[in-house]
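Q: After the C-alpha cells below, expect a handful of questions from me.
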Amino acid sequence: SGGAAPFPQPVPSERLGAPAVALPDVLCSAELWVSLEEHQDALELIMSKYRKQMLQLLEGRKREEAKPVLKVHQANSGEIESQIDRICEMGAVMRKAVQVDDEQFFKVQEKLAQLELENKELRELLLISKESFEVGREDLPD
C-alpha cells in the first residue's frame, strides 16, 4: 500500500456536540493506522510469497504426476506399435495365402478345362470308333 494512509480526521466538537478529541488520542489513532498498514503490507508480502511457493509446488507435482502417466502412455504406445506390427505380419501372411489359393484355383481351373477337352476328344474318338464298328458290321454278311 505505500503512500499516505487515509487517517481519520478529528471531527470538531461543535459538530459532535461533545468536547474536542484530545491530541494524544489522535496520535494514538494515527500510530494504530500506521501499524495496521505495516501489518497489511507484511501480510501481502507473505501471501505473495506463499502463493508463489504454492504455484511452484503445484507445478512440481504436476510434472511429477505427469511422469508416471507419460510412462504408461509410452508403454501403451509401444504395445500398440507391437500389435500393429503383428497385424501387418498377419495381413502379409493372409495376402500370401490368398495369392497361393488363387494360384491353386487357377491351376485347378486349368486342369479341369484340360480334362474337359480330353473328355470331349475321347468321346469324339469313341463315337468315331462306334461308327466305324457299326459300318464294319454292316459290311459283314448276315
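Q: So for segment 46-57 (the condition being at negative phi, more than 49 Å from the chain's Cα centre (by Cα) and part of a helix (DSSP H, G or I)), does at least one residue qualify?
A: Checked against the condition, which is being at negative phi, more than 49 Å from the chain's Cα centre (by Cα) and part of a helix (DSSP H, G or I), segment 46-57 yields no hits at all.
Q: In the list V11, V26, which residue meets the criterion of being at pLDDT 55 or above and β-branched (V, I, T)?
A: Checking each option against the conditions leaves just V26.
The values are calculated or read from the model by the stated rules, or taken from the named source; none is laboratory data. Since the model is a prediction, treat every value here as computed from it, not as a measurement.
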